[in-house]
Amino acid sequence: MWGFFVLVGHLALHRHKQGAGKQGQVLHRSKRGWVWNQFFVIEEYTGPDPVLVGRLHSDVDSGDGNIKYILSGEGAGTIFVIDDKTGNIHATKTLDREEQAQYTLTAQAVARDTNKPLEPPSEFIVKVQDINDNPPEFLHGPYYARVPEMSNVGTSVMQVTATDADDPTYGNSARLVYSILQGQPYFSVEPQTGIIRTALPNMDREARQEYDVVIQAKDMGGHMGGLSGTTEVKITLTDVNDNPPKFPQSVYPMSVSEDKVPGEEVGRLKAKDPDLGDNGLVNYRLIDGDGLGMFELSTDSETREAVIKLKKMVDFETKKTYTLKVEGSNTYVDPQFLAWGPYKDEATIKISVEDADEPPVFVAPSYTFEVEENAPEGTLVGRVHAKDTDVANNPVRYMIPRYTDVEQFFSINSEDGMITTTRPLDRETQAWHNISVSATEIGHHQDTKVRVNIKVKDVNDNAPEFATNNEVLMCETSVCACACLCRNIQPSYVIETVSAVDKDEMAHRQHFTFSLAPEVAHNHNFSLKDNRDSTASVYVLRKGFSRLTQDVYYLPIEINDNGFPAMSSTNTLTIRVCSCDSKDTILSCNVEPYVLPAGLSTGALIAILACIVILLAIVVLFVALRRQKKEPLIVFEEEDIRENIITYDDEGGGEEDTEAFDIATLQNPDGANGFLPRKDIKPELQYPIRPGIGRPAANSVDVDDFIKTRIAEADSDPTAPPYDSIQIYGYEGRGSLAGSLSSLESVTTESDLDYDYLQSWGPRFKKLADLYGTKDCSINDADDGEDS
């Protein structure tokens, strides 16, 4: 049966006449008279014809077809269509309330020919009526939950919730009921809330840890025809300490060899506890047994095992078995399950000692012997003894490892362990010898070593000697006791107290005695007094010690150690006379300072040395400046280089030398650049060359005339240098009447040459004649000639 509502509207026009006297008539339109009832459309309708939703009708509609109905709003024209003549509304598509629960539409009546509104538009609602077409859903499944083991019945595990997309306000389509499909009898669920609870007591995690539970939610209040949905819940039981530790065995046999060293592992055992984490931790301890002093127990942090270790070495020959009792207990105990205890267990360990081939054992842990120094080779020092503790009791052989007696002072009899010396020993060189002796069983490689300490006994074989420096510094009029402070000297005054040392050991009540050597026993300068306490005092017998008379005195002193046998030696005490100032402070003990003036202080010496250093620096600077090459005093033009270079390490070539000299320049002296200026002076006036002096013609080749002309010009020119200018020539030339002036090729000495012939060469060689012509010219005259 299709159920729908018909919407009928009536629209009435009322005319109202006003009273008499009114002009015309006023028409009043009454309010719209639509009769609205809510429209309903059932969802999921799948019939062949469109569903009639309802009908619109206006009072102004007379049925002649002049009114047209218009529908607008949500779904108008697509989902909902209207017959514009009759106003019938149909739904053309299947509706789903879960997608959209209602639609808002607008209806209007207009004139068909003019589309002029006859009624104002008005809204109405079309609701989609729900049907039970959506099953419940668990949106957050699957679920995971944890609950402690051994929980009480009814302990809440978790709550699951399902949702239903149907309308909860219409019927029972969204009314859900929960039930458990899988997981019984361990768990239950509340039908209305979905809370899962434990249903069995004492659920043990060690028996079963995980449970898979299936929960169902059904709508329609769980009645027949309702839709349902399911979800899975994985529930895990968490651990509690509800199990005590338990040793798998009551007795654990173990064994250890007697050659094991302390700290080595003997065996392991472990108590099992099925609990997890801290609940399963087990502590172990030894609580009883005759092996408590020989063994110890520790816990392996990784495997949680009890480790039995050797505490002391065991001996098979002494005791062959040991018994230990070990306890394992939980570290943490849950008070809730304390009554289930005790949470500990005990086990017995039986340890048997195994026989091993042990090395020999010395009867003493160490040995100490004594031997006199200087004892002859082969002297018996002592004897060591070791024995084999094994049942076989094999013979033992002895030896001294060379690394303990590098210089091989001792030897040992390999059979009986007798130690003897190989040479005389010196206590003063080495008072103790610490060696080792090794004992080995015959036929075995194991050995045992023992320390042997040998003390060298002292024999009085060293003479005594001075304990400190055997030199005394004494002022000429005073004596210095500590090399810096001095006191005025008087006869019988103690200038020094001497003592002695002896490399040998001093016996009880043994002391040194001092005396002057016989050769100086009656000297008149110093005397000696034995103080009978292993010291002696040196006295001065007179005054007036002078360095000029004697600066050093030697006083031989005999020292006796009164030992057995007695040893004595003569030691010389040096007494040096020194120079002192007025405050008795030593200035010097050497002779050299006497050449200095009296009273010359250290400051004066430093001042004199400083002056000497300054003078030396000045002299060195002066010599360095004199050695520098002097700069030429004449400025030469670049174009006159060949003519004006001055040197003194070659000779001219004479008139025929034309290679090293520009002959064109000589032939044309007018082309020169005038006079040569001095570098050392600045001429006040410039004097031109005198034209009156004759010059050779330009084409003349007479060099002698050219030279004469230039000499005359130089002599008459006041700005010319006051010295001659020596020219350079490449070779000596040939046919010169004067010959060579060079002494390089001379094979005779200066004393063999006769230069008197230079006097006849004319005034130009007068200077050479003065230098070399006279034999008795002094060196100073020659130096003066060179300087000029």
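Hey, Arg146 hits all of (1) within 30 Å of Gln336 (Cβ to Cβ); (2) part of a loop (DSSP other than H, G, I, E, B) but one; which does it fall short on?
Only one criterion in (1) within 30 Å of Gln336 (Cβ to Cβ); (2) part of a loop (DSSP other than H, G, I, E, B) is unmet by Arg146, namely (2).
Is it fair to say Tyr170 is over 30 Å from Ile67 (Cβ atoms) and either outside the structural domain of Val233 (by the TED database) or assigned to a strand (DSSP E or B) (or both)?
No: the conditions fail for Tyr170.
So which of Asn469, Asn460, Asn434 ends up being under 47 Å from the mean Cα position of the chain (by Cα) and over 30 Å from Lys319 (Cα atoms)?
Asn434
Results for (1) hydroxyl-bearing (Ser, Thr, Tyr); (2) modelled with pLDDT under 90, shown as yes or no for each residue.
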position	(1), (2)
Thr231	yes, no
Pro245	no, no
Glu264	no, no
Asp288	no, no
Asp300	no, no
Asp315	no, yes
Thr323	yes, no
Val333	no, yes
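Which of the following residues is open to solvent by 40 Å² or more (accessible area, probe 1.4 Å), assigned to a loop (DSSP other than H, G, I, E, B) and closer than 30 Å to Met506 by Cβ: Asp416, Asp461?
After ruling out the rest, the residue left standing is Asp461.
May I ask you to list pairs of residues, at least six apart or on different chains, whose Cβ atoms are under 7 Å apart, with the first in region 536-549 being farther than 16 Å from Arg576 by Cβ and the second being surrounded by 12 or more Cβ atoms within 10 Å (Cβ to Cβ) and polar (S, T, N, Q)?
From residues that are farther than 16 Å from Arg576 by Cβ, the pairs are Ser537/Thr497; Ser537/Asn531; Tyr539/Ser527; Leu541/Asn525; Leu541/Ser527; Arg542/Asn525.
Consider Arg397 against the criteria (1) modelled with pLDDT under 90; (2) over 48 Å from the mean Cα position of the chain (by Cα): it satisfies all of them except one. Which criterion is unmet?
Every listed condition holds for Arg397 apart from (1).
Looking for whichever is open to solvent by 30 Å² or more (accessible area, probe 1.4 Å) and modelled with pLDDT under 85 here; the options are Glu123, Glu74, Glu99, Glu137. Which one fits?
Within the list Glu123, Glu74, Glu99, Glu137, the selection yields Glu99.
Can you name the residue in region 29-65 that is at pLDDT 80 or above and of a type in the set (A, V, I, L, M) and, of all such residues, is farthest from the chain's Cα centre (by Cα)?
Filtering region 29-65 for residues that are at pLDDT 80 or above and of a type in the set (A, V, I, L, M), the one farthest from the chain's Cα centre (by Cα) comes out as Val60.
Which residues, taken from region 119-134, are under 28 Å from Ser173 (Cα atoms), polar (S, T, N, Q) and not in a loop (DSSP other than H, G, I, E, B)?
Selection gives Gln129 alone.
Can you run down the residue pairs with Cβ atoms below 8 Å, 6 or more apart or on separate chains, where the first is in region 173-193 and farther than 27 Å from Arg208 by Cβ and part of a loop (DSSP other than H, G, I, E, B) and the partner is at pLDDT below 95 and of a type in the set (Val, Ile, Thr)?
Ser173/Ile131; Gln192/Val177
Take the residues of region 140-150 that are touching a residue at least 40 places away in the same chain (Cβ under 8 Å) and open to solvent by 20 Å² or more (accessible area, probe 1.4 Å): which is farthest from Ile195 (Cα to Cα)?
Met150
Give the residue that is most open to solvent (accessible area, probe 1.4 Å), with candidates limited to residues of region 77-91 that are more than 20 Å from Lys127 (Cα to Cα) and out of contact with any His (no Cβ under 9 Å at 6 or more places or on another chain).
Lys85
Since Arg175 meets every condition but one in (1) of a type in the set (Lys, Arg); (2) under 30 Å from Gly280 (Cβ atoms); (3) more than 60 Å from the chain's Cα centre (by Cα), which condition does it not meet?
Status for Arg175: all satisfied but (2).
In region 316-405, which strands (runs of 3 or more DSSP E) lie fully inside it and hold 3 or more residues that are open to solvent by 40 Å² or more (accessible area, probe 1.4 Å) and touching a Phe, Trp or Tyr at 6+ places or on another chain (Cβ under 8 Å)?
Here the list reads 344-354.
Select from region 305-315 the residues that are in contact with a Phe, Trp or Tyr (Cβ under 9 Å, 6 or more places away or on another chain) and part of a loop (DSSP other than H, G, I, E, B) and write down the one among them that is farthest from Ile351 (Cα to Cα).
Selected residue: Glu305.
When you go through Val214, Val128 one by one, which is the residue that is under 30 Å from His57 (Cβ atoms) and touching a Leu at 6+ places or on another chain (Cβ under 6 Å)?
The unique qualifying residue is Val128.
Tell me the strands (runs of 3 or more DSSP E) entirely within region 31-118 that contain at least 3 residues that are farther than 25 Å from Ser173 by Cβ.
Qualifying strands (runs of 3 or more DSSP E): 33-35, 67-73, 88-91, 102-111.
The values are calculated or read from the model by the stated rules, or taken from the named source; none is laboratory data. None of these values were measured; they are calculated from a predicted model. Quick reminder, even Gly has a Cβ in these numbers, built from the backbone with ideal geometry, and neighbours come from all protein chains shown. The area values use the complete protein model at the heavy-atom level, side chains included, leaving out ligands, DNA and RNA. Shrake-Rupley method; radii C 1.70, N 1.55, O 1.52, S 1.80 Å.
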